[in-house]
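Asks: Provided herewith is a single structure, encoded as structure tokens, for subsequent inquiry.
Each reported figure results from applying straightforward, stated rules to the coordinates on display, with no laboratory input. Quantities reported herein were computed from a predicted structural model and do not represent experimental measurements. Counting neighbours? That spans all protein chains shown, and the Cβs are built from the backbone with ideal geometry, glycine included.
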Amino acid sequence: MGRTVLQGMSPFTPFGWPSPISIVWRSQQLEAGVWPCAASIRSSIDEYRQGGASRKQAASLTNFADKPLIVLTARNGHDATWSAAQDQLATLSTNSVHRIIAGATHASLVAEEKPATATTQAILDVVSAVRHPGPLRK
């Protein structure tokens, strides 16, 4: 199994509260009618409930060995400390790549066509590396 990690994937702050960015983004999606049904809202609530357990599980991972790992980081909106943390995350696997997506923001990695294309490609690259073992392409 491989991993693709989007920077800032968790909608929670370190204290377990929903992040302001996540709340604003979701509100905008609701206003735009992207999540018009109760099932979608319920799914979001369930995601928030599981956030603490997911965060603890993710924190316990210290080594992916040679499993494929791609870390995606949005270029916009982050300081050097954040970039260094993302570089460190990429060291969890001996078969990893850290891709910094120019012109992307956290939300645009999944919400806008060009940055989301980079996200999709990263997922496809990990799947391919799992199916056909070998080093990930930069």
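Asks: Mind checking the alpha-carbon convex hull of the stretch 91-133 and giving the volume per residue in Å³?
Replies: Values: hull volume 3.3 nm³, N = 43.
Cα convex hull per residue, to the nearest whole number: 76 Å³.
Asks: Work out the FRET efficiency for residue 102 and residue 45 from their Cβ-Cβ distance, taking R0 = 30 Å, and round it to the nearest 0.05.
Replies: On the way: r = 34 Å, r/R0 = 1.14.
Efficiency, rounded to the nearest 0.05: 0.30.
Asks: Follow-up question, since we're still on this one. Can you give me the long-range amide H partners of residue 74? Hydrogens built in the peptide plane at 1.01 Å from N, cutoff under 5 Å, separation of 5 or more residues or another chain.
Replies: Distant-sequence amide H within range of residue 74: 7, 101.
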